[in-house]
Amino acid sequence: MKQHTYFLLLGVIALLEVGIFIWSVENLEPWVMTVSVIIGVLAAWIIRQLVDEVIADERTHLITEKAALRTLQVLGVILFSYALGGVVISIRGEVFGPFSYQVARFSFLLMFIVFLMIIVYVLFLSWYERKYGAVGEDEE
C-alpha cells in the first residue's frame, strides 16, 4: 500500500470516529465511543503495517521529537497559566459569581493534570536516559 492511501484511510477512520462520537453523545453511550477509539487506533496501527514505503526515517523522528517536546513545553505553560488565572479570579468570586467554586475546582484539576504531565515527562526522560546510557557520563 502506498503512503498516500494510508493517509486517506486514516482520514476515513477519523471521520468514522467523529460520527461515532456524535452518535454516542446524543445517545449517552460512552462505552461505544471508548471501544470505537480503541478499535480505530488498532485499525490505524494495522494499516500502517501494510505500507510499503518508508513513512519515517531518522530525520522525521528527530523532527517529531522536537515538535513533541516544544508542544509539551508551550502547552504546559499555557495550561498552567490558565489554571492559575482561574484560581486567582475565582477566589474573589466577583467575576463568576455562583460558578466561582466550580471554576476553582476545574482550575485546580487542570493544575494537577499539568503537574502529572510534568511527572510523566520526567519519568520517561529518566527511563530513556538509563536505557540509552546517558546517565553519569562525563565527556572531558
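Structure above, values below:
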| read-out | value |
| --- | --- |
| Every pair of residues 6+ apart whose Cβ atoms lie under 6 Å, when the first sits in segment 110-128 and is closer than 12 Å to ALA83 by Cβ and part of a helix (DSSP H, G or I) while the second is open to solvent by 80 Å² or more (accessible area, probe 1.4 Å) and at pLDDT 90 or above | none |
| Test: residue in segment 64-73 that is in contact with a Leu (Cβ under 6 Å, 6 or more places away or on another chain) and in a helix (DSSP H, G or I) | no |
| Matching entry among PHE112, PHE80, PHE96 (being surrounded by 11 or more Cβ atoms within 10 Å (Cβ to Cβ), over 30 Å from GLY11 (Cα atoms) and modelled with pLDDT under 85) | PHE96 |
| Candidates GLU53, GLU58, GLU29 - the one that is open to solvent by 100 Å² or more (accessible area, probe 1.4 Å) and modelled with pLDDT under 90 | GLU58 |
| Flag for ALA68 being free of Cβ contacts under 8 Å to residues at least 40 places away in the same chain, out of contact with any Phe, Trp or Tyr (no Cβ under 8 Å at 6 or more places or on another chain) and within 29 Å of TYR121 (Cβ to Cβ) | yes |
| Test: residue in segment 43-56 that is assigned to a helix (DSSP H, G or I), farther than 28 Å from PHE112 by Cα and within 18 Å of the chain's Cα centre (by Cα) | yes |
| Scan of segment 25-42 for residues that are of a type in the set (S, T, N, Q) and assigned to a helix (DSSP H, G or I), ordered by number | THR34, SER36 |
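The values are calculated or read from the model by the stated rules, or taken from the named source; none is laboratory data. Since the model is a prediction, treat every value here as computed from it, not as a measurement. For neighbour counting, all protein chains shown are included, and Cβ atoms are generated from backbone atoms with ideal geometry for every residue, glycine included. Keep in mind that these areas ignore ligands, DNA and RNA; they rest on the heavy atoms of the full protein, side chains included. Shrake-Rupley method; radii C 1.70, N 1.55, O 1.52, S 1.80 Å.
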